[in-house]
Amino acid sequence: MSWNRKHLLDIQSLSVEELRIILSTAAEFKRVGERAIKKVPTLRGKTVVNLFVEPSTRTRISFELAAQRLSADVVNFSAEASSLKKGESLKDTARNLEALNVDVIIIRHGATGAPHFLSRFLSASVINAGDGAHEHPTQALLDVFTIQEKKGDIKGLNVTILGDIQYSRVARSNIWALLKLGANVTLCGPSTLVPRHFEEIGCKVTHKIEEAIANADIINLLRIQHERQRQTSFPSIGEYTSLFGLTKSRLETTKKDVLIMHPGPINRGVEIDSDIADGDRSVILQQVTNGLAVRMAVLYLVTGGRGTQEIAPASA
Ligand code: CP
């Protein structure tokens, strides 16, 4: 098994073997993060740019810390304070970054395909940190890493993704990763946000929450992506919560060992009851912890990392 990709653009095009390489490399980096000295020299001399044109808390900070733990130099690009505001194109912005000899560009952008576009002309590696409603590959990777850590093999597990599927890049990346790894994927939410065409790629679709959660081993909740919806997809937030919110009474109908996941940001009291988000079945903050190891693995692999034996030495 070997990794030969220079970019990480999506989950859809990855093979099962490539998924497993990222997950096993992330497990090595998680062990590094538990050592007294958490930094390794793996990316010393390399420069990583966080090109975030949409807001982010978890992904941007996690990539920044991942690059620092690998001893790379990190530059955080602020779209609001950049010449994008003066009309400079994304292509020109990226080419100017490349003129500074950067090695990796991590991009979050509202346009589907923006990372793929950059990868066609940049010599730097490109990592997709979320493109429109298309994909958010490292979120799916950290989600499946967390599921594996808690439940063992993903094959045969019942995973329900509940909420706004239509406008969610997290949902799309999760669906591809989970199906490739052999999970049974159920999608649930209002019919305006959970279209039936997802059945064509192997998901089960239901608009009844009771049916979606009864046999779930994992419930992954998604917030309503208001920023991407062109029209209101349901009558009110109150109605959404009453029909699809994960409440304490609904949680009582689930398996006792169900895992509750959420990529964040959480809208407490809307898609998830606040006590459930903080409860003992929730692994929401463990997802964030695992995101660091997964992003270290991705940075390592796209810059030519070949073997986990290279990971072991602590930074001088
Ligand atoms: N899960 C996620 O992508 O969160 P951020 O938008 O804060 O990066």
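Structural remarks
- Of all residue pairs spaced 6 or more apart or on separate chains, those with beta-carbon atoms under 6 Å, a first member in the range 51-67 that is open to solvent by 60 Å² or more (accessible area, probe 1.4 Å) and a second member that is part of a loop (DSSP other than H, G, I, E, B) and near the ligand (Cβ under 8 Å from one of its atoms) are 58/264.
- Residue match in the range 6-13 (condition: within 16 Å of the ligand (Cβ to nearest atom) and either of a type in the set (Val, Ile, Thr) or modelled with pLDDT under 95 (or both)): yes
- Lone qualifier among 111, 129 - being within 13 Å of the chain's Cα centre (by Cα) and not in a helix (DSSP H, G or I): 129
- Scanning the range 146-164 for residues that are crowded, with 24+ Cβ neighbours inside 10 Å and modelled with pLDDT of 95 or more turns up 147, 159, 160, 161, 162, 163.
- Odd one out for residue 103, checked against (1) open to solvent by 40 Å² or more (accessible area, probe 1.4 Å); (2) in contact with a Cys (Cβ under 9 Å, 6 or more places away or on another chain); (3) of a type outside the set (Val, Ile, Thr): (2)
- So residue 35, is it assigned to a loop (DSSP other than H, G, I, E, B) and not aromatic (Phe, Trp, Tyr): yes
- Residues of the range 239-274 that turn out to be in a helix (DSSP H, G or I) and exposed (fewer than 11 other Cβ atoms within 10 Å of the Cβ), as a count: 4
- Residues in the range 172-229 that are out of contact with any Ser or Thr (no Cβ under 6 Å at 6 or more places or on another chain), assigned to a strand (DSSP E or B) and open to solvent by 40 Å² or more (accessible area, probe 1.4 Å): 184 only.
- Among the candidates 264, 182, 156, 238, residue that is within 16 Å of the ligand (Cβ to nearest atom) and not basic (Lys, Arg): 264
- Verdict on residue 24 being open to solvent by 40 Å² or more (accessible area, probe 1.4 Å), within 16 Å of the ligand (Cβ to nearest atom) and of a type in the set (Ser, Thr, Tyr): no
- Test: residue 278 is more than 16 Å from the ligand (Cβ to nearest atom), open to solvent by 60 Å² or more (accessible area, probe 1.4 Å) and of a type in the set (D, E, K, R): yes
- On the stretch given as the range 2-32, residues that are part of a loop (DSSP other than H, G, I, E, B) and either farther than 13 Å from residue 301 by Cα or touching a His at 6+ places or on another chain (Cβ under 9 Å) (or both) total 8.
The values are calculated or read from the model by the stated rules, or taken from the named source; none is laboratory data. Every value quoted in this text rests on a predicted model; they were computed, and no experiment measured them. For neighbour counting, all protein chains shown are included, and Cβ atoms are generated from backbone atoms with ideal geometry for every residue, glycine included. Please note that ligands, DNA and RNA were not included when accessible areas were found on the heavy atoms of the full protein model with its side chains. Shrake-Rupley method; radii C 1.70, N 1.55, O 1.52, S 1.80 Å.
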